[in-house]
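Accompanying notes for the structure given below.
The values are calculated or read from the model by the stated rules, or taken from the named source; none is laboratory data. As the structure is a computational prediction, the values presented were derived from the model and not from experiment. When we count neighbours, we look across all protein chains shown, and the Cβ atoms used for this are built from the backbone with ideal geometry, even at glycine.
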C-alpha cells in the first residue's frame, strides 16, 4: 500500500514537470509513459476499492454477529454467574414449581438473581423515551413501553382508543382507534375462559377466540390454567395487551407510592384537586 502511494506521488510530480515543458516530442513520449502509469494506478485503485468494500462487509458482519452473540448471552443469562461483589448469583427459577420442569422448562423457567433479603435488590429506574413520548422499563430483556390510559365500561359512550387501528394510512391525531397509547375496558383485567365453551373449534391449526373484543381480552390466567390457556392464546394480541396494562399499572403504582409518602388523608382532598 505504501509503495503504491509513493509511486503515484512521483507520477503526480512527473505530470507537473511535464506541464512546465512545452517541447512536443518530449511531451508525447512522457504522456505515453504517464498514461501507462495512470492505467496501472487505476487497476490498483479498483483492486483497493474492491478490498475496501469486502473489508467493510466483513466489518459490518463481524459487528452484526458480535451483537447477536451478546444478545444471546443476555437472553440466556449464564447459569451460576456468580457476583463476588454482591455475593449474588444468576440462575433459572420456575415460576410454577408444581409443573413438570423438565417438560415445560423453556416456558416456566425464568432467569433471576438470587438474594438473601429484599434489601439486596437493586433499584431499577423507569425510562422516558423522547421519540415515542412513552415510559419504558426492561425486565429480563422484555421491554415494556406505554403510558397511563383511561378505563371505560361497556356502556360508556365516550370510550375511544380501546381497539387497535388496522388502517394502512391513517390520521393518527383524529383516529377513534389506538396506535401507540391506548385505553382499556374495565373487563380488560378479567381472565376470559370463553374459549372453553363446547362450540370452540380448532381452525387452521389454532383454536379460535370466541370473544368479539379480542383487544381487551386476557386469555392467559392463573397458575392452574396457564398451560391450557397457552393453546388458545393469540400471542401478539396478548403481549400487546399485557405490555400496555403492565406499564399502566406500574405508573399507577408510582403515583400511589408518591401519594403514600406524602401522608395525606385522601378524604381531605377536594374533588377539584384530584
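Things worth noting here:
So that you can scan it fast, the table gives a plain yes or no per residue for (1) touching a residue at least 24 places away in the same chain (Cβ under 8 Å); (2) exposed (fewer than 10 other Cβ atoms within 10 Å of the Cβ):
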site	(1), (2)
94	no, no
104	yes, no
130	no, yes
134	yes, no
152	yes, no
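- Condition check for residue 91 on (1) under 30 Å from residue 138 (Cβ atoms); (2) modelled with pLDDT of 65 or more; (3) part of a helix (DSSP H, G or I): one failure, at (3).
- The residues in the stretch 233-252 that are more than 15 Å from residue 184 (Cα to Cα) and in contact with a helix residue (DSSP H, G or I) (Cβ under 7 Å, 6 or more places away or on another chain) can be counted, and the count is 1.
- Filter result (assigned to a strand (DSSP E or B) and modelled with pLDDT of 80 or more) within the stretch 171-202: 178, 184, 185, 191
- All positions within the stretch 203-247 that are at pLDDT 85 or above, within 21 Å of residue 162 (Cα to Cα) and loosely packed, with under 12 Cβ neighbours inside 10 Å: 235, 236
- Test: residue in the stretch 118-127 that is in a strand (DSSP E or B) and modelled with pLDDT of 95 or more: yes
- Residues within the stretch 109-126 that are within 22 Å of the chain's Cα centre (by Cα) and surrounded by 13 or more Cβ atoms within 10 Å (Cβ to Cβ), tallied: 4
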